[in-house]
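Trainee: Starting off with a structure, shown below.
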Amino acid sequence: MHVLSTAAQVRAALAPLRRAGRTVALVPTMGALHPGHLSLVRLARECADVVVVSIFVNPLQFGPGEDLTAYPRDLDGDLAQLDPAGVHLVFAPGAGAFTPPDRHTVVTVTGLSTVLEGASRPGHLDGVTTVVAKLLGVVQPDFAVFGEKDYQQLVVLRTMVADLDLGVELLAAPLVREPDGLALSSRNAYLSARERRQALALSAALAEVRVTWDGDADRARSLLASRLRSAPGVRPDYAEVVDPETLAPLHGIVTGPARALVAAGVGRTRLIDNVGLQTSTATQAHVGALTIRTVTTPTPERRP
Ligand code: AMP
């Protein structure tokens, strides 16, 4: 496994592989890796010959007063997980060099980036799209893999790739949870034992909405909001039921698929979670101009 820190090194390492006809998948991460990230790596390995994982705590996606400096970092621990997972190349750029202060370009997906997370964290999704566009430019992968954990991010990136004709296929990996339902997140490391118990209110509310889903979007939204409001230690930010393609809030009786999304503060940690709401068990959804493939069965480990 190569660990490289500059765009030039990554391009030089990938050029001969690409000339030899090998396909490349990119898995962008901010490190502090957990089994959710590794599920993305498995999907990448299933789809492409060469897997590149980027590890970059992207300063552009943190607002003032957010946890940029406190964000967990453990490069050695991350590399120890990625090597046996069959990753070929890790791109870990330095923040100063990858997002220099004299840059002028911001990639904005209008509309979709100012609702939900974008409403609570102004500029956050612009920071994501700007840096992911840059990573795609450096690696020029055939596939890029993202998790449904950040569902809005997935929709925003899919839109960016389609609008800018970036020629990469986005793959979505299902959200990986702890056995008790908590969505795996690098930020869970901030939670005390008590807060971790309180944080279960998010996944529990979503699970309740999922099992009681009868197509009534308003009922589902009220149920989510009331469960979060009454949960001890939980400060609800939003509880929404939206169209999975446009992120527009749904009202009344819905016949097609829907997505329920929540965000809440627990202690000093901001948590997000979401579930799909649908009656069918389809695992492949055609979303807008781009097919987002969701793989639900784990694939066996294999060495490169
Ligand atoms: P992050 O390091 O938090 O920026 O996440 C990097 C990628 O991993 C993003 O595409 C996330 O959606 C994905 N991811 C993070 N947590 C999970 C999870 N619990 N299940 C599936 N994917 C995840």
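FYI, it's all coordinate maths here, none of it is from the lab. None of these values were measured; they are calculated from a predicted model. Note that we place each Cβ from the backbone using ideal geometry, even for glycine, and neighbour counts take in every protein chain shown.
Trainee: First select every other residue whose beta carbon is under 9 angstrom from the beta carbon of residue 23; then total the charges, Lys and Arg +1, Asp and Glu -1.
Mentor: Result for the neighbourhood of residue 23: 0.
Trainee: How big is the stretch 138-254 on each of its three principal axes, counting only the C-alpha atoms and giving the largest first in Å?
Mentor: Cα extents, longest axis first: 46, 38, 22 Å.
Trainee: Using the Kirkwood formula over every pair of different C-alpha atoms, what hydrodynamic radius in Å results for the stretch 25-88?
Mentor: Roughly 12.5 Å, rounded to one decimal.
Trainee: Okay, next question. At residue 180 and residue 11, where each label point lies 7 Å from the Cα along Cα→Cβ, what is the point-to-point distance in nanometres?
Mentor: The answer from the label model is 4.9 nm.
Trainee: Taking 0.36 nm per intervening residue step and subtracting the Cα-Cα distance, what contour gain separates residue 192 from residue 83 on full extension?
Mentor: So the chain would gain 36.2 nm between residue 192 and residue 83.
Trainee: Applying a 10 Å radius around every beta-carbon, put 166-176, 38-48 in order of their mean neighbour count, most first.
Mentor: For the peptides 166-176, 38-48, the packing ranking is 38-48, 166-176.
Trainee: With all pairs of different alpha carbon atoms counted, what Kirkwood hydrodynamic radius in Å does the stretch 1-140 show?
Mentor: 15.9
Trainee: Give me the percent relative contact order of the chain, please, defined on Cα pairs under 8 angstrom at least 6 residues apart.
Mentor: Taking the mean separation of contacting Cα pairs over the length of the chain, I get 18 percent.
Trainee: Along the three principal axes, how long is the stretch 6-45 when you take its alpha carbons, biggest first, rounded to the nearest angstrom?
Mentor: For the stretch 6-45, the Cα extents along the three principal axes come out at 32, 22, 8 Å.
Trainee: Return an integer: the convex hull volume of the alpha-carbon atoms of the chain, in Å³ per residue.
Mentor: Output value, Cα hull per residue: 131 Å³.
Trainee: Among 30, 160, what is the fewest-to-most ranking by other Cβ atoms within 10 Å?
Mentor: 30, 160
Trainee: Jot down the radius of gyration and Dmax of the stretch 71-117, Cα atoms only, both in angstrom.
Mentor: 16.1, 40
Trainee: Let me ask another. Quote the charge dipole size of the stretch 45-132 about the Cα centre in Debye, to the nearest 20; the model charges only the Cβ of Lys and Arg (+1) and of Asp and Glu (-1).
Mentor: Dipole size: approximately 240 debye.
Trainee: Related question: Would you mind calculating the relative contact order of the stretch 125-268 from Cα pairs under 8 angstrom and at least 6 residues apart, reporting the percent as a whole number?
Mentor: 18
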